[in-house]
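Okay, so here's the structure we're looking at.
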Amino acid sequence: MADHDVDLFVIGAGSGGVRAARIAASHGARVMIAEEFRVGGTCVIRGCVPKKLLVYASRFSDEFEDAAGYGWRVPEPTFHWPTLIANKDREIARLEAAYIATLERFNVSLVKSRAVIEDAHSLKLATGARVHAKTILVATGAWPHLGEKIPGLEHVISSNEAFHLPELPRRIVIQGGGYIAVEFACIFAGLGSEVTLVYRGENILRGFDDDVREHLRN
Ligand SMILES: Cc1cc2nc3c(=O)[nH]c(=O)nc-3n(C[C@H](O)[C@H](O)[C@H](O)COP(=O)(O)OP(=O)(O)OC[C@H]3O[C@@H](n4cnc5c(N)ncnc54)[C@H](O)[C@@H]3O)c2cc1C
């Protein structure tokens, strides 16, 4: 298709977009991918990966306690939230660079820009440039929704901002009973915050194994 700049244009360089771009390119397609924020998307930048680092950090409080019971003498442990966040950010930057290197290795052109679809085969970039693609793949992911505009909403954050709090909150209310809410509840509790989880249903983690739900609730 000579009248197209690329065979595949992917909007969004998250888990879905990067994988699709890489696989298509490995089969010989000319691929371009646009990312308006950071390569890696939700999972790498503000989801699975940073979350797991915080989970690991939060487990040490129990370990220190258990160790003492097994005869280890450890000095009174203290926790420094800014160190954890800085080290987490360093790891995320390393992973983002690895994702970019992978795209380069597969000859996928990366444009650091918002892309907007104009019609079935053309897109506009933030610079005003237009790209014509045989196929456009929308892999733009999702964004947290804070709900109705209630008084006090200005104090509410989503998981996105939780990864960048300047200090560990002394007390925190977490709204929701899905896995992200429960993981953050355990993270903050493990690190020493006083956590209240608010959930409208009968039990947290709807759809998960009942034994797991009961265990975690307790
Ligand atoms: C806190 C948290 C923890 C999670 N933990 C897990 C876990 O443990 N295991 C698991 O399997 N999943 C987990 N998830 C879910 C997982 O992160 C998502 O399912 C996954 O990232 C979705 O990938 P995606 O490619 O569809 O979208 P995304 O990763 O969101 O990527 C979409 C990308 O598109 C970009 N974009 C959007 N619009 C445009 C545009 N117009 N132009 C250019 N770029 C655009 C965005 O900036 C973004 O980078 C977690 C999510 C969160 C929030």
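For Glu104, Glu36, which order do you get if you count the other beta carbons within 10 Å of each Cβ and list the fewest first? Write down the numbers at each step before the final one.
Working: Glu104 11, Glu36 15.
Starting with the residue having the fewest Cβ neighbours, the order is Glu104, Glu36.
Cα-Cα pairs above 12 Å in the stretch 119-175: how many percent? Provide the component values of the computation, followed by the final result.
Values: 1256 of 1596 pairs.
Value for the stretch 119-175 (Cα pairs over 12 Å): 79 percent.
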* Work from the charge dipole of the chain (Cβ charges, +1 for Lys and Arg, -1 for Asp and Glu, about the Cα centre) and give the residue of Val44, Gly177, Ala13 farthest towards its positive end. => Ala13
* Asked: What is the Cα coordinate range of the stretch 76-213 on the first, second and third principal axes, sorted by size from largest, in whole angstrom?
  -> 56, 38, 36
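Can you compute the helix-only [θ] at 222 nm over the chain? Use -39500 (n - 2.57) per DSSP H run of at least 4 residues, normalise by all residues, nearest 500 deg cm²/dmol. Mind dumping the intermediate values first?
On the way: 7 runs with 90 residues, N = 218.
Helix contribution divided over all residues of the chain: -13000 deg cm²/dmol.
Charges at C-beta only: +1 for Lys and Arg, -1 for Asp and Glu. How large is the resulting dipole of the stretch 1-103 about its Cα centre, in Debye rounded to 20? All intermediate terms of the calculation are to be shown ahead of the outcome.
Working: 12 positive and 13 negative charges, 24 e Å.
Taking the Cα centre of the stretch 1-103 as origin, the dipole is about 120 debye.
Please give me the summed charge of the neighbours of Leu191: other residues whose Cβ is under 12 Å from its Cβ, Lys and Arg +1, Asp and Glu -1. Present the calculation step by step, with values, prior to reporting the outcome.
Values: positive: Arg59, Arg170; negative: Asp62, Glu167, Glu194.
Net charge in that neighbourhood comes out at -1.
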* Lysine pairs with alpha-carbon atoms under 26 Å apart, the chain, spacing 8 or more or separate chains -> 7
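Which percent of the Cα-Cα distances in the stretch 1-128 go past 24 Å?
Numbers: 3759 of 8128 pairs.
For the stretch 1-128, the share of Cα pairs beyond 24 Å comes to 46 percent.
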* In what sequence, highest mean first, do 148-156, 126-134, 64-72 appear when ranked by Cβ atoms within 10 angstrom? -> 126-134, 64-72, 148-156
* To do: For the stretch 72-218, give the magnitude of the charge dipole about the Cα centre (Cβ charges: +1 Lys/Arg, -1 Asp/Glu; no others), in debye to the nearest 20.
  => 520 debye
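No value in this document is a laboratory result; all are computed from the given coordinates. Computed from a prediction, not measured in an experiment: that's the story for all the values here. Methodologically, a virtual Cβ is constructed for each residue, glycine included, from the backbone with ideal geometry; neighbour enumeration extends over all protein chains shown.
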